[in-house]
1. Kindly provide the set of residues from region 114-134 that are in contact (Cβ under 8 Å) with a residue 12 or more places away in the chain and either in a loop (DSSP other than H, G, I, E, B) or open to solvent by 10 Å² or more (accessible area, probe 1.4 Å) (or both), ordered by number.
2. Could you grab me the full set of residues in region 228-281 that are touching a helix residue (DSSP H, G or I) at 6+ places or on another chain (Cβ under 6 Å) and on the phi > 0 side of the Ramachandran plot?
3. Among A134, A206, A147, A178, which is the only one that is of a type in the set (G, A, S), over 21 Å from the mean Cα position of the chain (by Cα) and modelled with pLDDT of 85 or more?
4. Which strands (runs of 3 or more DSSP E) sit wholly inside region 11-97 and have at least 1 residues that are touching a strand residue (DSSP E or B) at 6+ places or on another chain (Cβ under 8 Å), buried (at least 20 other Cβ atoms within 10 Å of the Cβ) and modelled with pLDDT of 95 or more?
5. Identify, by number, the condition in (1) of a type outside the set (A, V, I, L, M, F, W, C); (2) closer than 20 Å to R99 by Cβ; (3) open to solvent by 10 Å² or more (accessible area, probe 1.4 Å) that R224 doesn't meet.
6. Mind checking whether some residue in region 233-253 is open to solvent by less than 10 Å² (accessible area, probe 1.4 Å) and not in a helix (DSSP H, G or I)?
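The values are calculated or read from the model by the stated rules, or taken from the named source; none is laboratory data. The shown structure was predicted, so the numbers you read here are calculated from the model rather than taken from an experiment. For neighbour counting, all protein chains shown are included, and Cβ atoms are generated from backbone atoms with ideal geometry for every residue, glycine included. Accessible surface areas use protein heavy atoms only, side chains included; no ligands, DNA or RNA. Shrake-Rupley method; radii C 1.70, N 1.55, O 1.52, S 1.80 Å.
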Amino acid sequence: MADVTGRVMTLTHAPVATVATPERERPIEGADRVVTLADGRKLGYLESGAPDGTPVLFFHGFGTTRVICPPEGPAVERGIRLIALDRPGIGLSEPLPGRRLVDWPADVAEVADRLKLDRFSIVGWSGGGPYALACAVAMPERVRSVALVSTPAPLAGSNERGYLRRFDKSAVHAAGRAPWVIRLAMWHWGRGQRRDAAGFFDKSVAEMCAADQAVLAEPALRSRMIANSTELYRQGGRGMYDEALVLARPWGFDLAEVSVPVHVWYGARDETVPEGMVRHLAAEIPGAELHVSADEGHHLLYSSWSEILATLD
C-alpha cells in the first residue's frame, strides 16, 4: 500500500470473520461493529483490548483499514479499550463524497456518543495522524491526548516549507487543478493489490528499509497485512481517491490551534515520511514532545506499540 507521500508501503491486520484469504491462519482479536450515523451512513470499527478500560481511538494510515490496529496484548496490560475506526469509503464505512479532513471529527463525536465515551485519547498512524489532529482541534474538551506515529505534515499551504519534495508539490497541484490524475493513480495502484495481494505485499516489503522488513516478517502480521488489501476495497475504490484528495489539500486548521498534549513518534530510518515533516509537526504543535527511534522505520507502530500507549494521558 502507499501512504500520502506516495511511497509504496504495507501495514495490515485482518478483520474478524469478514475477509477470507488463504494467507490467514487465525482471526484477529477483537470484534467488528457497525453504527448507523444520523445521516444514514454506516461507519465500521474494530474493538479490542480491555472492554471496560480507558478508551483510545486508533486511526489507520493511508491505504489501510481498521484491521491494522496493533495486537491487543499491550492494551490489555495497560487497561486500554482500543477502538479502531474505518474512515468513509474504507473497509466497513460507507463513503462521504467530497469529504474534507475537518468533516471527520463529527463522525468521531457521533460514534463516541453512541459508545458513551466522554473523553478519549487518539493514536494516528501515518496518514491517520492528520485526522487525529483535526479531532484534537475540534474537540479539545473530549480528546485527552494524541500520539502521532510516522505522521506527515501538511502538504498544501506554503511552497516555502523545506520538507516538501517534488512529488508532494505535484500531488498538491493535481489535487487542486487536475484531481483526475490522482483518481487514475489510485486506480492503477489498487489494481495490483486486487489481483495479487500477497505478491503486492512481498514486492512492497522488498523495497523497504531493513528495520521495516524485520517488523513485517512476523508471519501473523504478514497474514493480517495481506488480508487488509481485500478489506480496503470493500466499498470500492472511491474511498482511496477521497483519502488522497483530503491529505493533498489544505487541512482546514493551523497546527498552532492544537491545545491537547501531543507525542510525536518517528523512526529515523523511515523512507516514507521525511524527517523534516515530523520535526515541523513537533515544532509547530504547542508543547509537542518528539520521540525519535534511531534504528526504527515507518512501522515502529508495531515495535514501539507498548511505549506509544504508555505516553497517552
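1. Step one: of region 114-134, the residues in contact (Cβ under 8 Å) with a residue 12 or more places away in the chain are 114-115, 117-134.
Across region 114-134, the qualifying residues are R114, L115, L117, D118, R119.
2. G252
3. The match here is A206.
4. The strands (runs of 3 or more DSSP E) meeting that bar are 42-49, 54-59, 80-85.
5. The failed condition is (2).
6. No, every residue in region 233-253 fails to be open to solvent by less than 10 Å² (accessible area, probe 1.4 Å) and not in a helix (DSSP H, G or I).
Condition check ((1) hydroxyl-bearing (S, T, Y); (2) closer than 27 Å to P274 by Cβ) across all residues:
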{"site": "S93", "(1), (2)": "yes, no"}
{"site": "L96", "(1), (2)": "no, no"}
{"site": "V102", "(1), (2)": "no, yes"}
{"site": "A106", "(1), (2)": "no, no"}
{"site": "A112", "(1), (2)": "no, no"}
{"site": "K116", "(1), (2)": "no, no"}
{"site": "S121", "(1), (2)": "yes, yes"}
{"site": "G124", "(1), (2)": "no, yes"}
{"site": "P140", "(1), (2)": "no, no"}
